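Here's the structure we're looking at; comments come further down.
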Amino acid sequence: MYNVPTNFINEQKIWDVLNAHKTADAIQVREVIAKATEMKGLNLDDVAILTGVSDPELIKELFDSANQIKDTIYGKRLVLFAPLYISNLCANECLYCAFRATNKGILRNVLSQKQIAREVEILINQGHKRVLMVAGESYPNQGFQYVLDSIKTIYKVKTEHGEIRRVNVNIAPLKTEEFKLLKYEGIGTYQIFQETYHRETYNKVHLGGKKKDYNWRAWSLHRAMEAGIDDVGIGVLFGLFDYRYEILAMMQHINELEEKFGVGPHTISVPRLEPATGSDLASHPPFAVSDIQFRKLVAILRLAVPYTGIIMSTRETAKMRRETFALGVSQISAGSRTNPGGYEGETKDDVSGQFSLGDHRSLDEVIRDVVSMGHVPSFCTACYRLGRTGQDFMDLAKPGDIKLHCGPNALSSFMEYLQNYASPATQKVGKQLIKDSINDMNGLAKQRAEKLVKRVEAGKDDVYC
């Protein structure tokens, strides 16, 4: 059983706050931005004020502050990962998703453990070190054991220079005891999206399956954290309802986690509705989020929850992804496929995919682009392997001490990619960026970076501090 407080997501309060700040007063906006630069987070009123910003000058100030906060906490690092879809079976009827149970327009596919191992081998040989394992919300005959077996398989695959060092998971909500089994397999982050926090809309777009139970899904992160999974990921599918409402509701969810467990979500994802096979709703979002609104909401989230990672997927175009790097995004997927078996397949958009992709570039192409913008691609997984998660991570992040680890580890993991997987063109620009980055460091961070990078250059893989 699960007991969800009746005011967990307080819709009336959200509307009251939004109505109180319909128009953004320049003085109030600047006061909120100044408060945000203290990097202690924002409350609902603060966030509502920022959602009302429309003046180009104020929007620029908002964007500049988001960039400043992101650089202060994360530096120029961008963590890279790949989604790994193992199955598109689903028992739910979600009107925006190609995987919905009654959709006859896609090919259903459940990967065997051998096929999963092959997909993982391909990803490793591209240079990936972390994956987000994704499955439709129904499993083959093995049931939940299929998920556990798949995690074991991913971790077992080894190649000459690599292996997957962190498996994050995006699967259906579980019971507390099942979450404990998930933790036992050594996952990193458990990720789940509420899709929309607006109950009326939620009921309209979820017509069948267990996902129709709003509370069961909303309370899943509580169960995960009660089971000992202290890194959880949260998100909204923007376009289903008013983005301003969704941000404030997500803030209520974050506040609830912080009050209950002392720490909020490790990551926030910001997917927008994209066309999906067999879904008119996905092609015509009820509350379409414009590009400027999208950039604005990313910046607002960076100000509101400064120490939480923000994930940008390949749903978005290369151009949009570039523009959001400076607004708070700290993790990106690259070279993605959203269909089971898609990495071994030849097509980029298979009819068994969950949604359309906006960025079809390879991992190497994405990395070269990221480097050209002065960002450091990071494949580091040190924190999860050394127990720097949940509250322990925040204790290092808030005073800024995490940089003593993250900066050097990002450079050493990037050098490992350059030596073992990168194209000659990417090697050239990447090694120059590492050299320049070390020159810009000082003190203990510089000493650590120089030592770790030299070890990688000498042929040692997987070094970190």
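No lab work stands behind these numbers, since they all come straight from the coordinates. Treat the numbers as computed from the prediction; the structure is a model and nothing was measured. For neighbour counting, all protein chains shown are included, and Cβ atoms are generated from backbone atoms with ideal geometry for every residue, glycine included.
Listed values, structure above:
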read-out: Phi to ³J(HN,Hα) by Karplus 6.51 cos²θ - 1.76 cosθ + 1.60 over segment 31-47, Hz, x for Gly, Pro; value: 5, 5, 4, 4, 4, 5, 5, 6, 6, 10, x, 10, 9, 4, 4, 4, 5
read-out: For 181, 18, 411, order by how many other beta-carbon atoms lie within 10 Å, fewest first; value: 181, 18, 411
read-out: Average projected area [Cα convex hull, segment 400-457], square nanometres; value: 3.6 nm²
read-out: Within straight-line cross-link reach of residue 446, lysines at Cα separation under 18 Å, skipping those fewer than 8 residues along the same chain; value: 76, 403, 431, 435, 454
read-out: From phi via Karplus (6.51, -1.76, 1.60), per-residue ³J(HN,Hα) for segment 125-134 in Hz, x at Gly/Pro; value: 6, 7, x, 5, 10, 9, 10, 9, 6, 10
read-out: Within segment 11-70: Cβ-based charge dipole about Cα centre, in debye rounded to nearest 20 (Lys, Arg +1; Asp, Glu -1); value: 160 debye
read-out: Packing-based exposure ordering (other Cβ within 10 Å, fewest first) of 361, 368; value: 361, 368
read-out: Diffusion coefficient, µm² s⁻¹, Stokes-Einstein with Kirkwood Rh over alpha-carbon pairs of the chain at 25 °C and 0.890 mPa s; value: 109 µm²/s
read-out: Cysteines without a disulfide-compatible neighbour (Cβ-Cβ under 4.7 Å), the chain; value: 90, 380, 383, 406, 465
read-out: Charge dipole (debye, nearest 20) of segment 127-232; +1 at Cβ of Lys and Arg, -1 at Cβ of Asp and Glu; value: 80 debye
read-out: Helix-only [θ]222 nm of the chain, DSSP H runs n ≥ 4, -39500 (n - 2.57) each, per residue, nearest 500; value: -14000 deg cm²/dmol
read-out: Mean Cα-pair separation over length for the chain, i.e. relative contact order, pairs under 8 Å, 6 or more apart, %; value: 20 percent
read-out: C-alpha center-to-center spacing [segment 86-135, segment 270-314] in angstrom; value: 22 Å
read-out: Amide H contacts under 5 Å for residue 101, placed H, 5+ residues apart; value: 92, 93, 94
read-out: Antiparallel %, DSSP beta bridges [both residues in the chain], to 5; value: 10 percent
read-out: Rounded to the nearest 20 debye, dipole of segment 75-378 from Cβ charges on Lys, Arg, Asp, Glu; value: 200 debye
read-out: Residues 344, 177, 246, sorted so that the one with the fewest Cβ neighbours within 10 Å comes first; value: 177, 344, 246
read-out: Per-selection Rg to Rh, segment 11-70 - Cα, Kirkwood hydrodynamic radius; value: 0.97
read-out: HN-Hα J in Hz across segment 175-191 - Karplus 6.51, -1.76, 1.60, θ = phi - 60°, x for Gly and Pro; value: 6, 4, 5, 5, 4, 5, 5, 5, 5, 4, 7, x, 5, x, 9, 9, 10
